[in-house]
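The values are calculated or read from the model by the stated rules, or taken from the named source; none is laboratory data. Just so it is clear, the structure is predicted and the values come from calculations on it, not from any experiment. Positions of Cβ are generated from backbone atoms using ideal geometry, with glycine treated the same way; all protein chains shown enter the neighbour counts. Ligands, DNA and RNA are stripped out before the accessible areas are found, and what is left, the full protein with its side chains, is counted by its heavy atoms. Shrake-Rupley method; radii C 1.70, N 1.55, O 1.52, S 1.80 Å.
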Amino acid sequence: MNKAVLLGRLTHDPDSRTFDNGKQCAKFSIAVSRIGDGADFFNVVAFDKQASNVCRYLVKGSQVAVVGHIQTGSYEKDGVRRPTFDIIAENVEFIGSRQTSDTTPKQDESIDELKEVEDDDMPF
């Protein structure tokens, strides 16, 4: 069985492409936190209606849950064959955005404390 379930944040705005046959494709990558320290980065590809919605509603920092399967491939660069691993999305759930989830003050935080956080301090 080849099934991947990931929860993460977009590392950049989605890239969109429409093929000659009218099918739409959206490519984006997500950072998924590891248990403990660090993160893993996954390339995700969505098609058709999912691709349209991804491009319309998601931006860098948006939190998503992706269900799909892993597809392997390869390309050649400078005479060296390099492997690729993509998640082909079957379902993309919009969990939240960076703007709403990271800037909403907690009950004991003030707005002034939030203004002191620099963008460089944010992980995404």
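Can you tell me which residue is most open to solvent (accessible area, probe 1.4 Å) among those in the stretch 1-41 that are among the β-branched types (V, I, T) and within 19 Å of I70 (Cβ to Cβ)?
Per the criteria, the residue is V5.
Sort out which residues of the stretch 42-86 are open to solvent by 90 Å² or more (accessible area, probe 1.4 Å) and among the aromatic types (F, W, Y), and write them in order of number.
If the condition is that a residue be open to solvent by 90 Å² or more (accessible area, probe 1.4 Å) and among the aromatic types (F, W, Y), then Y57, Y75, F85 are the ones that fit.
Considering only the stretch 59-83, state which residues are in contact (Cβ under 8 Å) with a residue 12 or more places away in the chain and in contact with a Ser or Thr (Cβ under 8 Å, 6 or more places away or on another chain).
The initial filter retains those residues of the stretch 59-83 that are in contact (Cβ under 8 Å) with a residue 12 or more places away in the chain, namely 59-73.
Passing the criteria: V59, K60, G61, S62, Q63, T72, G73.
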